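Student: Please read through the structure below; I'll follow up with questions.
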Amino acid sequence: MADLRTLLADASGRAADYLEGLDARPVAPAPEAVERLRTALAGPLPEAPSDAAEVLAFLDAHGSPATIANAGPRYFGFVTGGALPATLAANVLAGAWDQNSLSWVNSPATAALEETALAWLKEALDLPGEAGGALVTGATMANFTCLAAARNRVLRDAGWDADRDGLFGAPPITVAVGEEAHASLIKVLSMLGLGRDRVVRVPVDGQGRMRADDLPALDGPSVVCLQAGNVNSGAFDPAEPLIDWAHGAGAWVHVDGAFGLWARAAPDLAALAQDYERADSWATDAHKWLNVPYDCGIALVRDPAALSQAMSISGAYLIGSERRDAMDFTPDSSRRARSVEVWAALQSLGRSGLAEMVQRNCRQARRMAEGLAQGGAEILNEVCLNQVVAAFGDAEHTARVIARVQEDGTCWCGGTEWQGRKAMRISVSSWATTDADIERSIEAILRALGRNDP
Ligand SMILES: Cc1ncc(COP(=O)(O)O)c(C=O)c1O
């Protein structure tokens, strides 16, 4: 059996080979590679142990070729981001630490890293320093965490203790969202007992922004959800009039800024997301634009008491401390040390590196749109951030171009529906993407557009 040092050296060698090979391989795996993996995985639970080195070799031989190369520079699907070298290395070390980031007592080291990571995140995003925070699995759970705090606080203000008595018999809450709110936000409303369908949908404009000239009346306990960064167009709801309206009616304002909130970390783009600091809670992702490994979302709540009232836990064996115990701020209890990678990202980039990465990706998105438009594509959105929505004639032809691009493998772009049109969706959000990658990708997409085969 290989000793541990040899095994870990083998793993890091294979990981480096994998990453170095991404540039030369198609972004999507060959269907045969996925089939080979499935065939290799078939079979019952093994009766006998296997050598760890063989387990690793199996994963590399069968798993690596079947992966999507979203750690590489030309994956433009789903606002994915890559993993900065410092964060990947930190992830390996944190795996060895195997800390349970439940509380200070469980892991003083990662609790200290989490305090600093959260403080730096608020600095980077220029959000109130007093806000309470939680590192969770992604923006879906960050929205959940913030909106649980919002729900309980607006009910408490109406004289109802939802934490103790639940929602049965509680005063109704008005929840307002834009027509273009992200699907995960709607799911979260149902998870919180607020219902997918009983929300008030505010009409949006051609970019998917909530229209501030067509706002419903808010009455009683209310929560308004703004979006910083539409998942297709990248557009921002107009924060100033919407927050004036919501706060004027005593509503809690929540921001789903899964990727768009990072505009606040880039001086050239901060104007897009100005006034969002006046909200009461914010959800964003670190695994998107901060480029840490999956999974990592961030929930921030202006009043830390509102967050801890919704999330706190007690039990005879759950020993609290004088310091911040994560279990009082997060929906989960035992959890991995996401703080290590967030800290490593912010430490390695610094304020200037973070701004440069976000601004570069936005410049690259503009170049992508320009290059595609010059080659005959129709750009359907105002490219204000890192998102490009492109159509290539009718729905059928656009779908064909998307399929050809995915098959060609130079880059990967997904499909979407935008304002009733079938479209290609391009998200530029990786630290690894160079200007040359953008040019290569434009050529590949235009090659797919120019092909005449059915
Ligand atoms: C605006 C918005 N909100 C929420 C989410 C959900 O994020 P996650 O998949 O990290 O839960 C996304 C994902 O793209 C998003 O763009």
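Student: Compute the distribution of all C-alpha to C-alpha distances in the stretch 4-69, in bins of 10 Å from 0, and list the percent of pairs in each, rounded to whole numbers.
Tutor: 19, 44, 31, 6
Student: Once you have the Kirkwood Rh of the stretch 285-436 from its Cα pairs, apply Stokes-Einstein at 20 °C and 1.002 mPa s and quote D in µm²/s.
Tutor: Rounded to a whole number, D works out at 115 µm²/s.
Student: Using DSSP to define loop residues, name the chymotrypsin sites (Phe, Trp or Tyr not before Pro) in the stretch 147-245 whose beta-carbon has at most 13 other beta-carbon atoms within 10 Å.
Tutor: 168
Student: Sticking with this structure for a sec: Rank these for me by crowding, 433, 67, 87, 80, going from fewest to most other beta carbons within 10 Å. It would help to have the intermediate numbers written out before the result.
Tutor: Details: 433 24, 67 16, 87 29, 80 21.
Ranked by crowding around the Cβ, least crowded first: 67, 80, 433, 87.
Student: I would also like to ask the following. Would you be so kind as to identify all helices of the chain, as entire DSSP H runs, whose Cα atoms reach 27 Å or more along the helix's own axis and whose mean Kyte-Doolittle hydropathy is at least -1.0?
Tutor: The qualifying helices are 338-374.
Student: Tell me, what is the Rg over Rh of the stretch 40-95, with Rh the Kirkwood radius over Cα pairs?
Tutor: Using Cα coordinates only, the ratio equals 1.08.
Student: How much of the DSSP beta bridge set in the chain is antiparallel, as a percent to the nearest 5?
Tutor: 60 percent
Student: Here is a follow-up. Arranged by the count of other C-beta atoms within 10 angstrom, fewest first, what order do 78, 392 take?
Tutor: With the sparsest Cβ surroundings first, the list reads 78, 392.
Student: Also: Can you list the GluC sites (Glu not before Pro) in the stretch 5-94 that are in a DSSP coil and have 15 or fewer other beta carbons within 10 angstrom?
Tutor: Sparse-neighbourhood loop GluC sites (Glu not before Pro): 47.
Student: When the Karplus curve 6.51 cos²θ - 1.76 cosθ + 1.60 is applied with θ = phi - 60°, which whole-Hz ³J(HN,Hα) does each residue of the stretch 284-294 get, with x for Gly and Pro?
Tutor: So the Karplus estimates, Gly and Pro as x, are 8, 10, 8, 6, 8, 7, 7, 6, 9, x, 4 Hz.
Student: Continuing with this model, one more query. May I ask for log10 I(q)/I(0) of the stretch 77-213 at q = 0.10, 0.20, 0.22 Å⁻¹, from a Debye sum over the Cα atoms as equal point scatterers with solvent left out?
Tutor: At q = 0.10, 0.20, 0.22 Å⁻¹ the computed log10 ratios are -0.51, -1.30, -1.36.
Student: Oh, and also: Kindly work out what percent of the DSSP beta bridges joining two residues of the stretch 186-307 are antiparallel, to the nearest 5.
Tutor: 45 percent
Student: Going through the stretch 316-384, which chymotrypsin sites (Phe, Trp or Tyr not before Pro) have at most 13 other Cβ atoms within 10 Å and a DSSP loop state?
Tutor: Loop-located and lightly packed - 317.
Student: Looking at the chain, identify the longest residue range that excludes and avoids all trypsin sites (Lys or Arg not before Pro) in DSSP loops having at most 14 other Cβ atoms within 10 Å. Intermediate values should be presented prior to the final figure.
Tutor: Values: sites that count: 196, 198, 323, 451.
In short, 1-195.
Student: If the stretch 90-345 were replaced by its equivalent ellipsoid, with semi-axes equal to the square roots of 5 times the Cα gyration tensor eigenvalues, what would those be, largest first, whole Å?
Tutor: Values for the stretch 90-345, descending: 29, 23, 14 Å.
Student: Mind computing the radius of gyration and Dmax over the alpha-carbon atoms of the stretch 181-245? Å is fine for both.
Tutor: Gyration radius and largest Cα-Cα distance of the stretch 181-245: 12.0, 33 Å.
Student: Going out from 0 in 10 Å bins, what whole percent of all Cα-Cα distances in the stretch 94-151 drops into each bin?
Tutor: 20, 45, 32, 3
Student: Computed over the Cα atoms of the chain, what is the ratio Rg over Rh, Rh following Kirkwood?
Tutor: 0.99
Values in this text are rule-based calculations from the coordinates and carry no lab data. Predicted model only: the values in this text are computed from it and were never measured. Neighbour counts are summed over all protein chains in view; Cβ atoms, including those assigned to glycine, are modelled from backbone coordinates with ideal geometry.
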